[in-house]
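The structure appears below as structure tokens.
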Amino acid sequence: MGQKTNPIGNRLGFIQGWESNWYGGKDYSAKLVEDDKIRKYLNERLKKASISKIIIERTLKLVTITINTARPGVIIGKGGAEVDKLKEELRKLTSKEVQINIHEIRRPELDAKLVASGIARQIEGRISYRRAIKMSIASTMRMGAEGIKVTISGRLNGAEMARTESYKDGRIPLHTFRADIDYHLGEALTKMGMIGIKVWICKGEVFGKRDLSAQFTPKTAKGGGANKPRGRKRK
């Protein structure tokens with residue numbers, strides 16, 4: 001199953017948390033559509049801010065949006081002016097009070113979405129896809145990842161027939177639930193058509209319990225401790 005399912009969805013409740021945290025009740029569908037609108041709007045409005053993840057939490061009258069970004073300065077602006085403007089725009093979109101939290105990603109090389117979008121931008125800029133992928137893999141491994149795999153599909157180098165190529169370094173244990181694997185599917189729009197880029201990054205293994213709340217900053221716990229996972233004792 002590890003090969004067939006989304007690695008993040010496969011680990012929900014184990015070591016991965018949800019990106020939307022609220023109770024739906026009778027308005028479940030309306031809230032779900034509103035979440036989708038917020039994410040689409042922010043991704044379009046803040047294209048240059050290198051957004052990785054948007055986490056939405058709701059209470060009765062307040063919507064808390066946590067934006068994980070590699071370039072927080074672009075969102076904040078001078079003296080926080082851009083954030084205030086963004087709050088007003090989101091208030092009109094949701095008709096509710098909005099609070100925005102910005103979390104900085106200090107190592108964008110270890111974020112699958114940012115790696116995939118970086119490769120896509122280079123391919124759109126007519127850089128060789130092999131060179132773009134190999135440079136991304138080298139920089140990710142240099143930052144301390146345990147493994148990375150990149151799969152690219154489409155009319156590569158403008159070929160008449162579409163094909164798929166994979167590049168890998170290190171280990172990517174997709175069947176191991178405690179393996180902290182980040183995944184993203186990116187797209188590069190070229191003159192020859194759409195090219196799909198899948199990125200898997202293994203950051204290590206998580207032992208013991210992990211806080212799955214939205215405020216949690218993902219960290220990899222290496223080595224044993226008091227909270228080692230319980231299993232059968234070998235005789």
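Per-structure values
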{"quantity": "Residues located in segment 167-202, provided they are under 12 Å from the mean Cα position of the chain (by Cα) and either without any contact (Cβ under 8 Å) to a residue 24 or more places away in the chain or over 14 Å from SER153 (Cβ atoms) (or both)", "calculated": "ILE181, ASP182, TYR183, HIS184, TRP200, ILE201"}
{"quantity": "Selected residue [part of a loop (DSSP other than H, G, I, E, B) and either at pLDDT below 95 or not acidic (Asp, Glu) (or both)] from GLY204, GLY186, GLY208", "calculated": "GLY208"}
{"quantity": "THR164 being in the same structural domain as GLY118 (by TED's automatic domain parsing) and either under 19 Å from the mean Cα position of the chain (by Cα) or surrounded by 14 or more Cβ atoms within 10 Å (Cβ to Cβ) (or both)", "calculated": "no"}
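The values are calculated or read from the model by the stated rules, or taken from the named source; none is laboratory data. As the structure is a prediction and not an experimental result, all values here were calculated from the model. Glycine also receives a Cβ, built like all others from the backbone with ideal geometry; neighbour counts cover every protein chain displayed.
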